[in-house]
Amino acid sequence: MGSDAAPRRGGRSAALANLALGVPAVIPLYCLWWVATEYLPMDCHSTADLADPGLRNCDFHTLDHSTGVLFLLVVTGVLMLGAVLVVDAVLPPKERRHLWLRSVALIPVPFALLLALATFTTD
């Protein structure tokens with residue numbers, strides 16, 4: 001009976017730990033979402049491009065915020081990757097590491113829930 005309970009408990013703790021990692025991961029995931037939906041679709045990527053009359057999809061506010069958002073994405077992304085590496089690859093015992101690595105897919109769940117709530121409340 002004890003051998004059956006240990007894998008379930010290990011899987012549950014792996015899932016909860018990765019869901020908990022997903023809460024601070026909201027910051028780099030939101031920055032990545034902003035880059036993919038706001039910054040990359042623009043036709044211009046510098047303030048010099050604002051004067052070009054042929055460019056239609058060019059927003060000064062997005063350009064103004066891009067440096068800070070990209071910096072925040074890199075810093076928080078590196079910190080989160082380090083945390084995921086430590087929590088899911090270094091700390092778990094070797095025989096249960098596969099459970100922890102499979103549960104990494106739960107990290108974006110809090111961000112997806114927040115994104116769904118934001119979309120639901122704006123409609």
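The values are calculated or read from the model by the stated rules, or taken from the named source; none is laboratory data. The shown structure was predicted, so the numbers you read here are calculated from the model rather than taken from an experiment. Glycine gets a Cβ as well: all are built from the backbone with ideal geometry, and neighbour counts include every protein chain shown. Note: areas computed on protein heavy atoms with side chains; ligands, DNA, RNA excluded. Shrake-Rupley method; radii C 1.70, N 1.55, O 1.52, S 1.80 Å.
Taking all protein chains as present, what is the carbon and sulfur share of the accessible area of the range 56-107, in % to the nearest whole number, probe 1.4 Å?
71
Where in the chain are the helices, taken as whole DSSP H runs, whose Cα atoms extend 18 angstrom or more along the long axis and whose Kyte-Doolittle mean reaches at least 1.0?
60-85, 109-122
Semi-axes of the range 32-79's equivalent ellipsoid from the Cα gyration tensor, sqrt of 5 times each eigenvalue, largest first, rounded to whole Å?
Semi-axes, largest first: 23, 10, 6 Å.
Under a 1.4 Å probe, what is the accessible area of the range 36-101 per residue, stated in Å²?
It amounts to 69 Å² per residue over the range 36-101.
With a cut-off of 8 Å between alpha carbons and a minimum separation of six or more residues, what is the relative contact order of the chain in percent?
Averaging sequence separation for qualifying contacts and normalising by length gives 42 percent for the chain.
Can you tell me what the convex hull of the Cα atoms of the range 74-123 projects to on average, as an area in nm²?
Averaged projected hull area, Cα only: 4.3 nm².
Let me check I've understood the local charge: for Pro41, count other residues with C-beta under 13 angstrom from its C-beta, Lys and Arg +1, Asp and Glu -1. What total comes out?
After counting each charged neighbour, the total is -2.
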